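Colleague: Quick one: the structure is below, and I'll ask about it shortly.
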Number of protein chains: 2
Amino acid sequence: MPANKPPVFLGLDLGGTDLKYGLVSPNGRILISKKSWAQTKEGQKGLVVQLCEAAGELFSIASQRKLRVARIGIGSPGAVNFGTGKVFGNCPNIPGWVGVNLKKSLGPLGVPVYADNDANCLALAELLFGTAKNCRSVLCVTIGTGIGGGLILEGKVYRGSSFSAGEIGHTTVVFNGKKCACGNRGCLEKYASVSALLEAARERLKAEKESGLKRFLENGKVSVRGIVHAARRKEGWAVELIGEQAVILAAGLASAINLLNPEKVILGGGFIDAYPPFLKLVEKEIQRRAVPAALLKLKIVKAGLGNEAGLVGAAFLGNK
Amino acid sequence: MPANKPPVFLGLDLGGTDLKYGLVSPNGRILISKKSWAQTKEGQKGLVVQLCEAAGELFSIASQRKLRVARIGIGSPGAVNFGTGKVFGNCPNIPGWVGVNLKKSLGPLGVPVYADNDANCLALAELLFGTAKNCRSVLCVTIGTGIGGGLILEGKVYRGSSFSAGEIGHTTVVFNGKKCACGNRGCLEKYASVSALLEAARERLKAEKESGLKRFLENGKVSVRGIVHAARRKEGWAVELIGEQAVILAAGLASAINLLNPEKVILGGGFIDAYPPFLKLVEKEIQRRAVPAALLKLKIVKAGLGNEAGLVGAAFLGNK
């Protein structure tokens, strides 16, 4: 392809459920955005084929529009070596994924390939185009099935000594508490993730057969939507469950704030968007728990970019 | 003083108990080192007078030796604004100290003055001359009356957005556990500091009147020396107490390791020196608790510099 065509960046954001992919302009505007189910059960090979096909589809689109794909970026769950592009650990949700080399897998497409952990991609997108713009020190936290984190320190994505920094979901908040998949006990994500909220609601449903919770089930099951709906209608049990989750999340975040003294904590994920009062609850509790000197410059804010932040961050991995 | 005399750096290391002060050569060698009781009960003015007198004494010595004091550095407990030199918070052990401006107080001596938190001075000394030399990311932790911390990130002392980073002693390890002076509950230093160890021993003494612990009292009181002595002699209660402390310390450190993925954790303080097996206990438990990907490059080591590290770090604040 002639180099004088306008460049465009290709982003692939692989999750446990979806693969989001698209083309992003050099100023961060999403030109094309697509989504498909991630073929996580097809094994490493099947999933690599899916990534290559998605990239191929975007190359065709770029070609039709007379754009030049200047580079590819991939955000993946797990610990990813940003240098080599290899996924080397911490990826329980995609069986067989550890060991894949993402740079090599997408290499045949003939443009530079970058790969990083998905939470780092989110942090990078927030740094370049979102609420972390012009910030020096930011803790980005995503509340979902688990709790993920990405760090911006000294104005750059901070990856740590072995590309594993940001694992705030595995902060011990309850000493020798609930067993976590990571092997430790009492991890934050066992108490303050969306999965933990659902589990707490299920336990409550079991304990109180005639509970008001029953009116908010979806197909007989506890759901985040049901809990949020009930909390909005000021149902005591829902307000209480969410309140407990906010308090323990704040305890974990306060520990990280005391250690890092960041200027911003950015909270993201579907639940944060679905129930805005949650952010205020967490903020109030952080004010109570963190060391006062660590709060002087701190702002606690919602993620500024939507669902496609991971894709945008991936597309810009080659930048910083 | 003529500028052609060889330069020397003046360090003042203020603690809750001692003031250590001395002269350090540009290659980090301590030329003069002195110690006196810190006049913490004399109020802000009295303590400032003591700092000025100590500095004056060192200026005289330098002059006699035909050396030129090129700068002064002060390490102080509490949150210290590295820019302005003001102590602005988090200093419960020295009443009236918050509000003092250390740069201004020592300014009349006519050389550049730098001031920082004492844990940051320790981290800087380790970075320049100790076990953190040539490291990019290090967590320095001091186990004493409390638990202090200093961070080295991207090869530099990391101070955070409001000069408060490194407060690992206030990591929540026991959700809603023991009340801490910081206002929060369940802080690491309530469980794993030397004070916590002594308190645990006192509680055990109370609970078991005829306990073997009695043989190890000093003037009828529980002491660190007594506990260490008993542990060395394999007394069950002492081994158990120290073991419990190691486990909970490791839980707190593992949280920080998961977040920062440092290449080194440096543990310092009198207790670490007095009972070397403690470090191994902590290390073993960190291996069990931290996320595997965060352990790939991690080394857990004893502080490389002795009692005068704080003084040396203070003397080099002007460097980095």
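The values are calculated or read from the model by the stated rules, or taken from the named source; none is laboratory data. Please read all numbers here as calculations on a predicted model, not as lab measurements. Note that each Cβ is placed from the backbone with ideal geometry, even for glycine, and that neighbours are counted across all protein chains shown.
Colleague: For the range A:294-307, check the following and say yes or no: at least one residue is in a helix (DSSP H, G or I) and more than 10 Å from chain B (Cβ to nearest Cβ).
Modeller: No - not one qualifying residue is present in the range A:294-307.
Colleague: Restricting the first residue to the range B:178-204 and requiring it to be over 13 Å from residue B:242 (Cβ atoms) and assigned by TED's automatic domain parsing to the domain that holds residue B:148, which pairs with a second residue that is of a type in the set (Phe, Trp, Tyr) and buried (at least 21 other Cβ atoms within 10 Å of the Cβ) meet a Cβ separation below 8 Å and a spacing of at least six or different chains?
Modeller: B:178/B:191
Colleague: Just to check your reading of the model, which residue among A:24, A:69, A:48, A:87 is closer than 30 Å to residue A:184 by Cβ, among the β-branched types (Val, Ile, Thr) and crowded, with 17+ Cβ neighbours inside 10 Å?
Modeller: Exactly one residue qualifies, and that residue is A:87.
Colleague: Mind listing whichever residues of the range A:124-142 are closer than 23 Å to residue A:74 by Cβ and away from chain B (no Cβ under 14 Å)?
Modeller: Residues satisfying the conditions are A:124, A:125, A:126, A:127, A:128, A:129, A:130, A:142.
Colleague: A further question follows. Just one of A:155, A:99, A:110, A:169 is surrounded by fewer than 24 Cβ atoms within 10 Å (Cβ to Cβ), over 28 Å from residue A:52 (Cα atoms) and either modelled with pLDDT of 95 or more or in contact with a Leu (Cβ under 7 Å, 6 or more places away or on another chain) (or both); which is it?
Modeller: A:155
Colleague: Which condition breaks for residue A:216 when tested against (1) closer than 28 Å to residue A:126 by Cβ; (2) away from chain B (no Cβ under 14 Å); (3) touching a His at 6+ places or on another chain (Cβ under 7 Å)?
Modeller: Just one mismatch for residue A:216, condition (1).
Colleague: Just give me the residues in the range B:144-191 being among the hydrophobic types (A, V, I, L, M, F, W, C), more than 8 Å from every other protein chain (Cβ to nearest Cβ) and part of a strand (DSSP E or B), in sequence order.
Modeller: Correct list: B:147, B:152, B:157, B:187.
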